[in-house]
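A short write-up of the structure that comes next.
Please treat every number below as a calculation from the coordinates, not as lab data. On a predicted model such as this, the values are computed, not experimentally measured, just so you know. Virtual Cβ from ideal backbone geometry, glycine too; neighbours counted across all protein chains shown.
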Amino acid sequence: MILDDPGHLGWLAEQSESLLDFYQPHICNPDGGYAWLDSIAEPIPSQGHPLWAGSRALHIFGLATMLGREGAADVVRHGLNWYVDGPGHDAEYGGWFAQVGGDTPDDTKPLYGLAHVLLAGSTVLQAGFEEGARLVEEASSLIDAHYWSEADGLCLESYDRSFTVLDPYRGQNANMHLTEAYLAAYEATGKEVYLERATRIATFIAKPAIGSAGQAPWRLPEHFDEHWKPTLDYNIDRPKDPFRPYGSLVGHWLEWAKLCLQLRGLGVDEDWLLPAAVRLFDASVDEGWQPNGGFVYTVDWEGRPVVGDRYFWEPAEAVGAACFLARATGDQRYLDWYERVWQYTDEHVIDHQHGSWYAELDTENRPIQVTWLGKPDVYHAYQATLYARLPLDRGLAAWAAKA
């Protein structure tokens, strides 16, 4: 099996180190926080310090610390200085600013960023940084106080700085990343509430994928109104929005396939988890994968591509989902897809000249910069290099802590 092949594992280890070689020397802004990097690893000050990107970097370098990367702990401490008591944290109202500095500073409090703080805190806590406990505690308390809806089993989307004005929009994306964060927090703390909530979110969003094939239930709705009714025409005039595009995101089907199997691996006894993962993955390659390689960004509600450009995070999530499905089912076709996606990534997505991965490709697999400027995010790519080594019953941080 390729997942256990020493040659392949060695290649993955090389990719892990190459990614960190790109980000580590340049990501720590001298004035604090993490920099947004361009295509050759130069900081882009106009992009500021988005909470989601910085939290992801903190998470990744927490993993790298546990895996023995020299200097990774210094990158973690740099980030903790920013997010624990530094400028990234709101000392007056609590929580963290959506973006500090840059051309578009933002003092709102979206769940998307908060979910990544919980993920990062859970990871660095397992890496031995006591400040991680503070991040987990505050993030969890804020979610309990302002975002979690016990009646719905889901979280609200966003508030203003003082947590007084609530956005009526409800989103799948932020809840998906909160599911990931809750799983990490469960493994970091042992608190069952995190696993229970992750399961409830997944039940609402991913379980419907096993419904009637005639209804194409795998085309997961992304956007909802305040009563959690899908708004299928949301942002129809903004199809390339980086966080709220029109249509259904094929990459999110892949992420949910992976999350369903992670829930199952952590002991959630729900008979729909494996069938949902299979349905979501199979649909993603049937509707999303293109003849010349790569996944389209979005499809409409008939399965037709809306945005045919490829994004770097989609093959990373496909690698994870295929890997987990291969281990869970023993089906060779998932190993075949695992190899196919890595081959495509190596040929088109990895920037072999300057390092890291191209963030965006056009329909002919040529690098472009329309939705994403530079190479802002190591999170998806670095995790993709680790999945082959990950057992089904542990998350990345829990595994790395004992690797």
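Set against the labelled values (i) 1.01; (ii) 0.93; (iii) 1.54, Rg/Rh (Cα atoms, Kirkwood Rh) computed from this structure falls on (ii).
Taking label positions 7 Å along the Cα-Cβ direction at both Glu70 and Gln353, the computed distance is 3.0 nm, reported to one decimal.
Need one word for region 218-356: rounded, prolate or oblate. Basis is the Cα gyration tensor (sqrt eigenvalues a ≥ b ≥ c); a/c below 1.5 gives rounded, then a/b vs b/c decides. Spell out each step's value before the answer.
On the way: a/c = 1.91, a/b = 1.08, b/c = 1.76.
Judged from the Cα gyration tensor, region 218-356 comes out oblate (a/c at least 1.5, b/c at or above a/b).
Is it possible to state the helix-based mean residue ellipticity at 222 nm for the chain, with each DSSP H run of 4+ residues giving -39500 (n - 2.57), the sum divided by total residues, to the nearest 500 deg cm²/dmol? What is it? Before the final figure, lay out the partial values.
On the way: 13 runs with 174 residues, N = 403.
After summing the helix terms and dividing by residue count, I get -14000 deg cm²/dmol.
Highest mean packing comes first when the peptides 313-323, 144-154 are listed by Cβ atoms within 10 Å, giving 313-323, 144-154. Pairs of lysine residues in region 2-400 that meet both criteria, 8 or more places apart or on different chains and Cα atoms under 26 Å apart, total 13.
Spatially, region 311-376 and region 211-227 are offset by 25 Å when compared through their Cα centroids.
Restriction of the GluC sites (Glu not before Pro) in region 194-232 to DSSP coil positions whose beta-carbon has at most 14 other beta-carbons within 10 angstrom yields Glu226.
For a modelled paramagnetic label at Val165, 7 Å from Cα along Cα-to-Cβ, the residues of region 97-120 in reach, with backbone nitrogen under 17 Å, are 97-99, 105-111. Between the alpha-carbon centres of region 1-45 and region 50-89 there is a gap of 14 Å. Result for the chain in a Gaussian network model with C-alpha springs under 10 Å: among Phe281, Phe224, Phe295, the largest mean-square fluctuation is at Phe224.
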